[in-house]
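Engineer: Before anything else, here's the structure in question.
The values are calculated or read from the model by the stated rules, or taken from the named source; none is laboratory data. For clarity, every value in this text was computed on a predicted model and none was experimentally measured. FYI the Cβ positions are ideal-geometry reconstructions off the backbone, even for glycines, and counts take in every protein chain you see. Surface accessibility is based on the protein's heavy atoms, side chains included, excluding ligands, DNA and RNA. Shrake-Rupley method; radii C 1.70, N 1.55, O 1.52, S 1.80 Å.
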Amino acid sequence: MSERAEKRHPVKPAGSGAGQFVAAKPANYRRAYLVRMLALPLLDWGVTGIFILITKRFDVLGIALANLLLLGVAGCVAAWWMYRPIAHFEVLGTGGEAAAQRIQQLPRYSAWAAGCLVLTYSLTASALGVYAPADAILTAIPQQLIVLAMLFYAGIFASFYSYFIYFFVNDLTIRMRRELRELLSFVPIARQQNVRWNDVPLSEGQGKGGLARKLAAIFLVIGVLPALLLGLDLTFFAPIRAVQGLTIGNVIALDLIASLYVILASLVFVSRSLLAPTRELFDAQEAVRSGNLNYTAAVLTNDELGEVTDRFNMMVGALRERDLIKSALHRYLSPTVANELIASGGLIESKSVEATVMFTDIEGFTTLSETLSPQETVDLLNAYFSLLNAIIHREGGTVNNFVGDAVVAIFNVPTPNTSHAYAAIKAALAIQQALAVDRFTLPNGRCVTLPTRIGINTGSVCAGSIGSAERQGYTVYGDAVNLAARIEPLNKRYGTHTLCSERSVQLAIQQGLVPTFVTPLERTTVAGRSESVMLYRVDGVM
């Protein structure tokens, strides 16, 4: 062993370091959803309590509380029924498709349930006299006006509460979509209905939760209904408000309080519902911009924002696939060939050029491989090829092919290299220097050396794509290539490790090679050629 420290290359077995995926159990969101549905009786108790306080109808307080209790119980039953598919997934970990679908439907279902419950509650409370004075006073008001007023107020408050519950629950489902994105699949309505993106405009592919519908509902509930409520209270329904004991100031205050609930809900939950998908998309764009193509943005809504996010994920998936193909090209082709293949649109045109060709072969590898398992043979060759490829690439060459334990490298194609002969000899010297001190350690601890024979020749070659229409490869052809292949086995005859043709040596000296690195041997014939070739031994440390 030389005085220099021995360098060892551990041979890694294939598939080492593979990780395992461990799915986390999802959190329980049932309590959070139940709290949101219980907001119905709490909100309505606020409005009803203010009405009782203003009108001093404390005699109906018990009836109102009992009615609100029934509203709360009905809300809990409805919440339990609507949440069942999600609860099944939380407890058992199965039924993910049904859970994902129900999470998407939950805001809409909850809004419908809230509307029906509040409508029923309001009509029942009115019929029980919670919002009405003594019957004797009402006899002076037309019965049709009373019925119309009951329906109007019930419809207004049902709309308010449906609107509030929709965005209140939607805020929860946004959190669920984000946190469960790895376990459940959420896609926009258009994708569920198998609508092709290229065949339908964005606005036509929406389901019931489209962004345009949400904005229309926001405008209706915030801009139209409060004004309509206040306007009718001060005009058409003024007689009823009067017999209820409400002054004009009381009417305005009561209507403003009811409207304030909706406005506050808009400021908090509506804005969060609209801004959360945008922030999610911004975060995803930032992740992709920084080079993380494995990031997937959570599809938080079923509207246009959800579709934009889904399309963004599709785009990132295409980029990830392209990056994977590019990485595979660089793995199975040399980086220079892969880059030229991408730049040329998938086809590298053939061209004739002077280049230097290098052939390498491991001495006695057949005998060595008899003592190795097939997997050990592959692992050993991978470590050996990695070493040679790094040196050849560093000197500006391209590994064209691996043939058994042999390496075929070319200099000056496809990447131009004006010192290609000199670069090839430098690479050969560096390879021999590295293999003289490097050891390759097998998994069982055994260390082996891999002495290598190298043949180099310079001449005209034709480089480019060759093969069938279905499958092609990049390679070089020409007499210069054949001569390099014939020179390499002559090392065995002369007891050398690196042999060069005369043309390579002459050109390398012109390009800067120190003549002392080459020693002339003799002119000899090679198999398949009638013309003799002058050979040079290459050795030394650069």
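Engineer: What are the trypsin sites (Lys or Arg not before Pro) within the stretch 499-542 that DSSP puts in a loop, where the Cβ has at most 12 other Cβ atoms within 10 Å?
Structural biologist: Of the trypsin sites (Lys or Arg not before Pro), the ones in loops of the stretch 499-542 whose Cβ has at most 12 other Cβ atoms within 10 Å are 529.
Engineer: Just to be sure I understand the model, the point goes 7 Å from the Cα along the line to the Cβ. What's the resulting residue 69 to residue 35 distance in nm?
Structural biologist: 2.5
Engineer: Oh, and also: Using 0.36 nm per residue of separation minus the Cα-Cα distance, give me the extension gain between residue 181 and residue 406 in nm, one decimal.
Structural biologist: 76.2 nm
Engineer: What full-extension length gain, to one decimal in nm, is calculated for residue 532 and residue 354 as 0.36 nm per residue of separation minus the Cα-Cα distance? Write down the numbers at each step before the final one.
Structural biologist: Working: separation 178, 0.36 × 178 = 64.08 nm, distance 2.05 nm.
Here the answer is 62.0 nm.
Engineer: Within a Cβ distance under 13 Å of residue 98, other residues only, what is the Lys/Arg minus Asp/Glu net charge?
Structural biologist: 0
Engineer: Can I ask one more? How much solvent-accessible surface does residue 519 expose, in Å² to the nearest 10, with a 1.4 Å probe and all protein chains in place?
Structural biologist: Counting only protein heavy atoms, residue 519 exposes about 50 Å² to solvent.
Engineer: Each residue of the stretch 360-373 in order: what ³J(HN,Hα) in whole Hz does its phi give by Karplus 6.51 cos²θ - 1.76 cosθ + 1.60, θ = phi - 60°, with x for Gly and Pro?
Structural biologist: After applying 6.51 cos²θ - 1.76 cosθ + 1.60, I find 10, 8, 7, 5, x, 5, 4, 5, 5, 5, 5, 8, 10, 6 Hz.
Engineer: Residue 525 to residue 446: FRET efficiency via 1/(1 + (r/R0)^6), r the Cβ-Cβ distance, R0 51 Å, to the nearest 0.05?
Structural biologist: The pair residue 525/residue 446 has a calculated efficiency of 0.80.
Engineer: Provide the net charge surrounding residue 364, with neighbours chosen by a C-beta distance below 12 Å and charges set as Lys +1, Arg +1, Asp -1, Glu -1.
Structural biologist: -2
Engineer: Which net charge results for the neighbourhood of residue 403, defined as the other residues with beta-carbon distances under 13 angstrom from its beta-carbon, given Lys and Arg at +1 and Asp and Glu at -1?
Structural biologist: Local charge sum for residue 403: -3.
Engineer: Excluding ligands and nucleic acids, what accessible area in Å² is computed for residue 497 using a 1.4 Å probe, to the nearest 10?
Structural biologist: 80
Engineer: Length gain on complete extension for the stretch residue 250 to residue 290, per 0.36 nm per residue less the alpha carbon to alpha carbon distance?
Structural biologist: 8.6 nm
Engineer: What does the accessible area of residue 304 come to, in Å² to the nearest 10, when a probe of 1.4 Å is used?
Structural biologist: Surface open to solvent at residue 304 totals about 30 Å².
Engineer: Also: Check which residues have an amide H placed less than 5 Å from residue 452's amide H, if you skip close sequence neighbours.
Structural biologist: 363
Engineer: In what sequence, largest accessible area first, do 492, 426 appear using a 1.4 Å probe?
Structural biologist: The most accessible residue leads, giving 492, 426.
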